[in-house]
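Notes follow once the structure below has been shown.
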Amino acid sequence: MSQQKEPDYVWDGCEPYKEELRHVHAPAELVALTKEKAAAEEGKQKRQRLRRRMYLPAVAAAAFAVVVLSFPLWQKAPLKGSETPLQPYLGSAADIPKSGEETVLQQTAILPVELLQENAWTEELEGIQVKFVQKDSGYIAAFAGEAGYTVVSSKTEDLETFREELKFLLQNGGECE
Amino acid sequence: MGALRLKTDEIIDKYADMVYRIAVNETGNREDAQDIFQEVFLRLVRYRDKIANEEHLKAWLIRVTINCAKKQKGSFWNRKVAPVEESSKEQPDERTADAYEAVENADSPVLLAVRELPEKYRSVVYLFYYEEMSIAQIGKLLEEKESTVKSRLYRAREILKIRLKGEKP
(Lines give C-alpha, C1' and ligand atoms only; values in the text may rest on other atoms or scores of the structure.)
Protein backbone atom coordinates (compact mmCIF):
# COMPACT_ATOMS: atom_id res chain seq x y z
CA MET A 1 0.00 0.00 0.00
CA SER A 2 2.22 2.76 -1.24
CA GLN A 3 1.34 6.39 -0.87
CA GLN A 4 2.25 9.41 -2.90
CA LYS A 5 2.57 12.22 -0.38
CA GLU A 6 0.17 14.96 -1.31
CA PRO A 7 1.80 18.26 -0.18
CA ASP A 8 -1.55 19.56 1.11
CA TYR A 9 -1.66 16.86 3.74
CA VAL A 10 1.84 17.08 5.20
CA TRP A 11 1.45 17.10 8.96
CA ASP A 12 4.17 17.93 11.45
CA GLY A 13 2.76 15.49 13.94
CA CYS A 14 2.98 12.57 11.52
CA GLU A 15 6.29 11.15 12.73
CA PRO A 16 5.53 11.46 16.47
CA TYR A 17 2.11 9.91 15.80
CA LYS A 18 3.64 6.95 13.99
CA GLU A 19 6.33 6.59 16.63
CA GLU A 20 3.77 6.55 19.44
CA LEU A 21 1.53 4.09 17.66
CA ARG A 22 4.48 1.77 17.04
CA HIS A 23 4.66 1.33 20.81
CA VAL A 24 1.09 0.09 20.95
CA HIS A 25 1.15 -3.71 20.83
CA ALA A 26 -1.55 -6.29 21.22
CA PRO A 27 -1.15 -7.83 24.70
CA ALA A 28 0.35 -11.34 24.55
CA GLU A 29 -2.48 -12.79 26.66
CA LEU A 30 -5.04 -11.33 24.29
CA VAL A 31 -3.24 -12.84 21.30
CA ALA A 32 -3.03 -16.24 23.00
CA LEU A 33 -6.69 -16.15 24.04
CA THR A 34 -7.75 -15.12 20.53
CA LYS A 35 -5.73 -17.96 19.00
CA GLU A 36 -7.49 -20.41 21.32
CA LYS A 37 -10.90 -19.04 20.40
CA ALA A 38 -10.02 -19.03 16.70
CA ALA A 39 -8.86 -22.66 16.90
CA ALA A 40 -12.12 -23.60 18.64
CA GLU A 41 -14.09 -21.75 15.97
CA GLU A 42 -12.14 -23.49 13.21
CA GLY A 43 -12.87 -26.84 14.83
CA LYS A 44 -16.56 -25.95 14.95
CA GLN A 45 -16.52 -24.92 11.29
CA LYS A 46 -14.77 -28.15 10.27
CA ARG A 47 -17.30 -30.24 12.19
CA GLN A 48 -20.16 -28.34 10.54
CA ARG A 49 -18.63 -28.87 7.09
CA LEU A 50 -18.11 -32.57 7.84
CA ARG A 51 -21.69 -32.91 9.04
CA ARG A 52 -22.92 -31.24 5.88
CA ARG A 53 -20.79 -33.57 3.75
CA MET A 54 -22.08 -36.62 5.61
CA TYR A 55 -25.74 -35.78 6.03
CA LEU A 56 -26.63 -33.89 2.88
CA PRO A 57 -26.00 -36.78 0.48
CA ALA A 58 -27.78 -39.14 2.90
CA VAL A 59 -30.82 -36.85 3.13
CA ALA A 60 -30.86 -36.35 -0.65
CA ALA A 61 -30.60 -40.13 -1.22
CA ALA A 62 -33.39 -40.79 1.29
CA ALA A 63 -35.65 -38.21 -0.34
CA PHE A 64 -34.95 -39.69 -3.77
CA ALA A 65 -35.67 -43.20 -2.50
CA VAL A 66 -38.99 -42.10 -0.98
CA VAL A 67 -40.05 -40.52 -4.27
CA VAL A 68 -38.94 -43.50 -6.35
CA LEU A 69 -40.59 -46.04 -4.07
CA SER A 70 -43.82 -44.18 -3.51
CA PHE A 71 -44.44 -43.39 -7.19
CA PRO A 72 -45.38 -46.97 -8.25
CA LEU A 73 -47.44 -47.39 -5.09
CA TRP A 74 -49.29 -44.20 -5.82
CA GLN A 75 -49.86 -45.35 -9.40
CA LYS A 76 -51.25 -48.68 -8.22
CA ALA A 77 -53.34 -47.39 -5.31
CA PRO A 78 -56.98 -48.41 -5.83
CA LEU A 79 -59.51 -45.65 -5.81
CA LYS A 80 -62.17 -45.72 -3.14
CA GLY A 81 -65.75 -45.36 -4.21
CA SER A 82 -65.87 -41.78 -3.06
CA GLU A 83 -62.62 -41.02 -4.92
CA THR A 84 -63.86 -41.80 -8.41
CA PRO A 85 -61.95 -39.39 -10.64
CA LEU A 86 -64.42 -36.69 -11.57
CA GLN A 87 -64.16 -33.93 -14.10
CA PRO A 88 -65.24 -30.46 -13.06
CA TYR A 89 -68.89 -29.79 -13.72
CA LEU A 90 -69.65 -27.82 -16.83
CA GLY A 91 -73.12 -29.03 -17.76
CA SER A 92 -76.24 -30.84 -16.69
CA ALA A 93 -77.94 -34.08 -17.48
CA ALA A 94 -81.00 -31.96 -18.11
CA ASP A 95 -79.18 -30.77 -21.26
CA ILE A 96 -78.93 -34.31 -22.57
CA PRO A 97 -81.20 -34.54 -25.58
CA LYS A 98 -84.03 -36.90 -24.99
CA SER A 99 -84.74 -39.44 -27.67
CA GLY A 100 -88.17 -40.30 -26.37
CA GLU A 101 -87.02 -43.81 -25.46
CA GLU A 102 -86.97 -45.21 -21.93
CA THR A 103 -83.18 -45.19 -21.63
CA VAL A 104 -80.84 -42.60 -23.16
CA LEU A 105 -77.06 -42.91 -23.43
CA GLN A 106 -74.66 -40.09 -24.08
CA GLN A 107 -70.90 -39.72 -24.18
CA THR A 108 -69.73 -36.58 -22.33
CA ALA A 109 -66.42 -35.15 -21.25
CA ILE A 110 -67.89 -34.01 -17.96
CA LEU A 111 -69.99 -35.43 -15.21
CA PRO A 112 -73.55 -34.04 -14.90
CA VAL A 113 -74.16 -31.85 -11.87
CA GLU A 114 -76.80 -34.18 -10.50
CA LEU A 115 -74.17 -36.86 -9.96
CA LEU A 116 -72.10 -34.46 -7.86
CA GLN A 117 -74.92 -33.75 -5.45
CA GLU A 118 -75.11 -35.16 -1.93
CA ASN A 119 -77.82 -37.67 -2.79
CA ALA A 120 -75.61 -39.30 -5.44
CA TRP A 121 -73.95 -42.60 -4.59
CA THR A 122 -71.39 -44.92 -6.09
CA GLU A 123 -71.70 -48.62 -6.76
CA GLU A 124 -69.42 -51.14 -8.38
CA LEU A 125 -70.99 -52.90 -11.34
CA GLU A 126 -68.97 -55.42 -13.36
CA GLY A 127 -65.83 -54.11 -11.64
CA ILE A 128 -66.49 -50.50 -12.68
CA GLN A 129 -67.34 -47.60 -10.40
CA VAL A 130 -70.74 -46.23 -11.40
CA LYS A 131 -72.28 -43.06 -9.99
CA PHE A 132 -76.04 -43.05 -9.46
CA VAL A 133 -78.58 -40.40 -8.64
CA GLN A 134 -82.33 -40.30 -8.58
CA LYS A 135 -83.74 -37.70 -10.92
CA ASP A 136 -87.46 -36.86 -11.10
CA SER A 137 -89.20 -40.21 -11.54
CA GLY A 138 -86.12 -41.99 -12.95
CA TYR A 139 -82.38 -42.44 -12.48
CA ILE A 140 -79.17 -41.16 -13.97
CA ALA A 141 -75.93 -43.14 -13.88
CA ALA A 142 -72.47 -42.47 -15.25
CA PHE A 143 -69.18 -44.27 -15.45
CA ALA A 144 -65.78 -43.26 -16.72
CA GLY A 145 -64.52 -44.63 -19.98
CA GLU A 146 -61.58 -43.99 -22.30
CA ALA A 147 -63.34 -41.17 -24.13
CA GLY A 148 -64.90 -39.48 -21.08
CA TYR A 149 -68.10 -40.41 -19.32
CA THR A 150 -70.95 -42.54 -20.47
CA VAL A 151 -74.10 -41.03 -19.01
CA VAL A 152 -77.18 -43.22 -18.88
CA SER A 153 -80.55 -41.72 -18.01
CA SER A 154 -83.64 -43.77 -17.54
CA LYS A 155 -87.27 -43.02 -16.78
CA THR A 156 -87.71 -46.29 -15.02
CA GLU A 157 -88.63 -46.12 -11.36
CA ASP A 158 -87.20 -49.55 -10.64
CA LEU A 159 -83.58 -49.23 -9.57
CA GLU A 160 -82.93 -52.96 -9.91
CA THR A 161 -84.06 -52.92 -13.54
CA PHE A 162 -81.86 -49.91 -14.16
CA ARG A 163 -78.89 -51.79 -12.63
CA GLU A 164 -79.56 -54.75 -14.89
CA GLU A 165 -79.61 -52.46 -17.91
CA LEU A 166 -76.32 -50.96 -16.85
CA LYS A 167 -74.75 -54.36 -16.24
CA PHE A 168 -75.81 -55.41 -19.69
CA LEU A 169 -74.35 -52.25 -21.13
CA LEU A 170 -71.06 -52.72 -19.28
CA GLN A 171 -70.79 -56.34 -20.35
CA ASN A 172 -71.11 -55.18 -23.94
CA GLY A 173 -68.38 -52.62 -23.99
CA GLY A 174 -69.89 -49.83 -21.92
CA GLU A 175 -69.85 -47.32 -24.74
CA CYS A 176 -72.78 -45.83 -26.50
CA GLU A 177 -72.80 -45.99 -30.26
CA MET B 1 -2.94 -12.79 -6.89
CA GLY B 2 -2.14 -15.99 -4.97
CA ALA B 3 -4.51 -17.75 -2.63
CA LEU B 4 -4.44 -17.07 1.09
CA ARG B 5 -2.07 -19.74 2.37
CA LEU B 6 -1.35 -18.39 5.86
CA LYS B 7 -2.75 -20.32 8.78
CA THR B 8 -5.00 -18.49 11.21
CA ASP B 9 -2.32 -18.44 13.94
CA GLU B 10 0.17 -16.94 11.48
CA ILE B 11 -2.34 -14.29 10.44
CA ILE B 12 -3.00 -13.40 14.08
CA ASP B 13 0.71 -13.14 14.78
CA LYS B 14 1.29 -10.99 11.72
CA TYR B 15 -1.64 -8.61 12.05
CA ALA B 16 -2.30 -8.58 15.79
CA ASP B 17 -0.60 -5.24 16.37
CA MET B 18 -2.24 -3.61 13.37
CA VAL B 19 -5.74 -4.71 14.41
CA TYR B 20 -5.14 -3.74 18.02
CA ARG B 21 -3.76 -0.33 17.02
CA ILE B 22 -6.77 0.42 14.84
CA ALA B 23 -9.12 -0.72 17.58
CA VAL B 24 -7.37 1.46 20.15
CA ASN B 25 -7.16 4.35 17.70
CA GLU B 26 -10.88 4.05 16.99
CA THR B 27 -12.27 3.42 20.46
CA GLY B 28 -9.65 4.90 22.77
CA ASN B 29 -10.60 2.17 25.20
CA ARG B 30 -8.53 -0.90 25.92
CA GLU B 31 -11.42 -3.16 26.91
CA ASP B 32 -13.40 -2.31 23.82
CA ALA B 33 -10.25 -2.72 21.72
CA GLN B 34 -9.75 -6.22 23.12
CA ASP B 35 -13.35 -7.20 22.35
CA ILE B 36 -12.97 -5.86 18.84
CA PHE B 37 -9.65 -7.67 18.41
CA GLN B 38 -11.23 -11.04 19.20
CA GLU B 39 -14.32 -10.36 17.13
CA VAL B 40 -12.23 -9.47 14.07
CA PHE B 41 -10.19 -12.67 14.15
CA LEU B 42 -13.22 -14.84 14.84
CA ARG B 43 -14.89 -13.29 11.82
CA LEU B 44 -11.75 -14.03 9.86
CA VAL B 45 -12.13 -17.74 10.65
CA ARG B 46 -15.71 -17.65 9.41
CA TYR B 47 -15.02 -15.68 6.24
CA ARG B 48 -11.47 -16.63 5.30
CA ASP B 49 -12.68 -18.66 2.32
CA LYS B 50 -13.83 -15.40 0.76
CA ILE B 51 -10.45 -13.69 1.13
CA ALA B 52 -8.44 -14.03 -2.06
CA ASN B 53 -4.90 -13.14 -1.03
CA GLU B 54 -2.80 -11.34 1.52
CA GLU B 55 -3.34 -7.88 0.08
CA HIS B 56 -7.07 -8.46 0.27
CA LEU B 57 -6.60 -9.85 3.78
CA LYS B 58 -4.96 -6.68 5.08
CA ALA B 59 -7.65 -4.45 3.59
CA TRP B 60 -10.33 -6.81 4.92
CA LEU B 61 -8.88 -6.72 8.44
CA ILE B 62 -8.67 -2.92 8.44
CA ARG B 63 -12.22 -2.51 7.20
CA VAL B 64 -13.70 -5.06 9.59
CA THR B 65 -11.81 -3.58 12.54
CA ILE B 66 -13.09 -0.09 11.74
CA ASN B 67 -16.64 -1.40 11.28
CA CYS B 68 -16.52 -3.40 14.52
CA ALA B 69 -15.22 -0.32 16.33
CA LYS B 70 -18.09 1.77 14.96
CA LYS B 71 -20.55 -0.88 16.07
CA GLN B 72 -18.97 -1.18 19.50
CA LYS B 73 -18.90 2.56 19.88
CA GLY B 74 -22.52 2.77 18.87
CA SER B 75 -23.50 0.42 21.65
CA PHE B 76 -21.32 2.27 24.15
CA TRP B 77 -22.75 5.55 22.96
CA ASN B 78 -26.30 4.27 23.33
CA ARG B 79 -25.62 3.00 26.83
CA LYS B 80 -23.86 6.00 28.27
CA VAL B 81 -24.62 9.21 26.45
CA ALA B 82 -27.60 11.11 25.06
CA PRO B 83 -27.55 11.85 21.30
CA VAL B 84 -25.70 14.96 20.16
CA GLU B 85 -27.18 17.57 17.88
CA GLU B 86 -26.15 17.72 14.26
CA SER B 87 -24.35 21.03 14.77
CA SER B 88 -21.96 19.51 17.28
CA LYS B 89 -20.77 16.74 14.98
CA GLU B 90 -17.73 18.65 13.81
CA GLN B 91 -16.61 19.25 17.38
CA PRO B 92 -13.93 17.08 18.96
CA ASP B 93 -15.30 13.74 20.09
CA GLU B 94 -15.45 13.94 23.87
CA ARG B 95 -17.79 11.07 24.53
CA THR B 96 -15.04 8.60 25.36
CA ALA B 97 -12.72 11.10 26.96
CA ASP B 98 -12.74 9.24 30.28
CA ALA B 99 -11.99 6.00 28.55
CA TYR B 100 -8.92 7.44 26.84
CA GLU B 101 -7.20 7.54 30.19
CA ALA B 102 -7.07 3.79 30.15
CA VAL B 103 -5.23 3.60 26.87
CA GLU B 104 -1.54 3.00 26.65
CA ASN B 105 0.47 6.11 25.86
CA ALA B 106 -2.48 8.32 26.65
CA ASP B 107 -0.01 10.92 27.83
CA SER B 108 1.26 11.42 24.30
CA PRO B 109 -0.23 14.70 23.10
CA VAL B 110 -0.22 13.56 19.49
CA LEU B 111 -2.07 10.33 20.18
CA LEU B 112 -4.49 12.06 22.49
CA ALA B 113 -5.16 14.75 19.89
CA VAL B 114 -5.90 12.10 17.25
CA ARG B 115 -8.14 10.16 19.60
CA GLU B 116 -10.12 13.27 20.36
CA LEU B 117 -10.86 13.83 16.69
CA PRO B 118 -14.41 13.12 15.52
CA GLU B 119 -14.76 9.46 14.62
CA LYS B 120 -14.89 9.94 10.85
CA TYR B 121 -11.51 11.72 10.87
CA ARG B 122 -9.66 9.22 13.02
CA SER B 123 -9.68 6.32 10.56
CA VAL B 124 -8.60 8.59 7.72
CA VAL B 125 -5.69 9.96 9.76
CA TYR B 126 -4.61 6.48 10.78
CA LEU B 127 -4.79 5.04 7.28
CA PHE B 128 -3.08 8.00 5.63
CA TYR B 129 -0.35 8.80 8.12
CA TYR B 130 0.36 5.46 9.75
CA GLU B 131 -0.50 2.88 7.08
CA GLU B 132 0.63 5.32 4.38
CA MET B 133 -2.26 4.48 2.12
CA SER B 134 -3.14 6.76 -0.77
CA ILE B 135 -6.36 8.77 -0.84
CA ALA B 136 -7.68 6.51 -3.59
CA GLN B 137 -6.94 3.41 -1.52
CA ILE B 138 -8.59 4.90 1.56
CA GLY B 139 -11.62 5.89 -0.49
CA LYS B 140 -11.93 2.36 -1.82
CA LEU B 141 -11.46 0.79 1.58
CA LEU B 142 -13.93 3.04 3.39
CA GLU B 143 -16.29 3.16 0.42
CA GLU B 144 -16.14 6.94 0.33
CA LYS B 145 -15.46 9.36 -2.51
CA GLU B 146 -11.88 10.55 -2.86
CA SER B 147 -13.09 14.12 -2.41
CA THR B 148 -14.69 13.13 0.91
CA VAL B 149 -11.45 11.51 2.08
CA LYS B 150 -9.46 14.58 1.04
CA SER B 151 -11.85 16.87 2.84
CA ARG B 152 -11.72 14.79 6.02
CA LEU B 153 -7.98 14.60 5.90
CA TYR B 154 -7.68 18.34 5.43
CA ARG B 155 -10.11 19.09 8.27
CA ALA B 156 -8.40 16.59 10.57
CA ARG B 157 -4.99 18.07 9.89
CA GLU B 158 -6.30 21.57 10.59
CA ILE B 159 -7.85 20.46 13.90
CA LEU B 160 -4.68 18.63 14.89
CA LYS B 161 -2.45 21.59 14.06
CA ILE B 162 -4.60 23.86 16.19
CA ARG B 163 -4.80 21.43 19.08
CA LEU B 164 -1.14 20.57 19.13
CA LYS B 165 -0.10 24.22 18.96
CA GLY B 166 -2.82 25.30 21.36
CA GLU B 167 -4.25 27.66 18.77
CA LYS B 168 -7.87 28.64 18.40
CA PRO B 169 -9.54 27.84 15.06
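Among the residues of the stretch A:104-122, just one is without any contact (Cβ under 8 Å) to a residue 24 or more places away in the chain, in contact with a Lys or Arg (Cβ under 8 Å, 6 or more places away or on another chain) and farther than 17 Å from A:K155 by Cα, namely A:W121.
Do we find a residue being hydroxyl-bearing (S, T, Y), in a helix (DSSP H, G or I) and at pLDDT 85 or above anywhere in the stretch B:74-91?
Going through the stretch B:74-91, the residues hydroxyl-bearing (S, T, Y) turn out to be B:75, B:87-88.
When the remaining residues are screened for being in a helix (DSSP H, G or I), the result is B:75, B:87-88.
Now narrow it down to the ones that are at pLDDT 85 or above: none.
Scanning the stretch B:74-91 turns up no residue that is hydroxyl-bearing (S, T, Y), in a helix (DSSP H, G or I) and at pLDDT 85 or above.
Would you call B:E158 in contact (Cβ under 8 Å) with a residue 60 or more places away in the chain and open to solvent by 40 Å² or more (accessible area, probe 1.4 Å)? No, not satisfied. Specify the residue that is nearest to A:T103 (Cα to Cα); the eligible residues are those in the stretch A:133-152 that are in contact (Cβ under 8 Å) with a residue 40 or more places away in the chain, aliphatic (A, V, I, L, M) and open to solvent by less than 30 Å² (accessible area, probe 1.4 Å). Here the residue is A:V152.
The rows are residues; the columns are (1) at pLDDT below 85; (2) loosely packed, with under 13 Cβ neighbours inside 10 Å.
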position: A:P7; (1), (2): yes, yes
position: A:G13; (1), (2): yes, no
position: A:A28; (1), (2): no, yes
position: A:K35; (1), (2): no, no
position: A:A40; (1), (2): no, yes
position: A:G43; (1), (2): no, yes
position: A:Q48; (1), (2): yes, yes
position: A:R51; (1), (2): yes, yes
position: A:M54; (1), (2): yes, yes
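Say we look at the stretch B:20-39 and pick out the residues that are within 14 Å of A:K37 (Cβ to Cβ) and within 9 Å of chain A (Cβ to nearest Cβ); which of these is nearest to the chain's Cα centre (by Cα)?
Within the stretch B:20-39, the first condition is being within 14 Å of A:K37 (Cβ to Cβ), and the residues that meet it are B:34-39.
Those left that are additionally within 9 Å of chain A (Cβ to nearest Cβ): B:34, B:37-38.
Values: B:Q34: 14, B:F37: 12, B:Q38: 15 Å.
Filtering the stretch B:20-39 for residues that are within 14 Å of A:K37 (Cβ to Cβ) and within 9 Å of chain A (Cβ to nearest Cβ), the one nearest to the chain's Cα centre (by Cα) comes out as B:F37.
Of all residues in the stretch B:43-56 being open to solvent by 30 Å² or more (accessible area, probe 1.4 Å) and within 15 Å of A:E42 (Cβ to Cβ), which is nearest to the chain's Cα centre (by Cα)? Per the criteria, the residue is B:R43.
The values are calculated or read from the model by the stated rules, or taken from the named source; none is laboratory data. In this text the structure is predicted, and so the values were computed from the model without any measurement. Counting neighbours? That spans all protein chains shown, and the Cβs are built from the backbone with ideal geometry, glycine included. Calculation scope for accessible area: heavy atoms of the full protein, side chains included, ligands and nucleic acids excluded. Shrake-Rupley method; radii C 1.70, N 1.55, O 1.52, S 1.80 Å.
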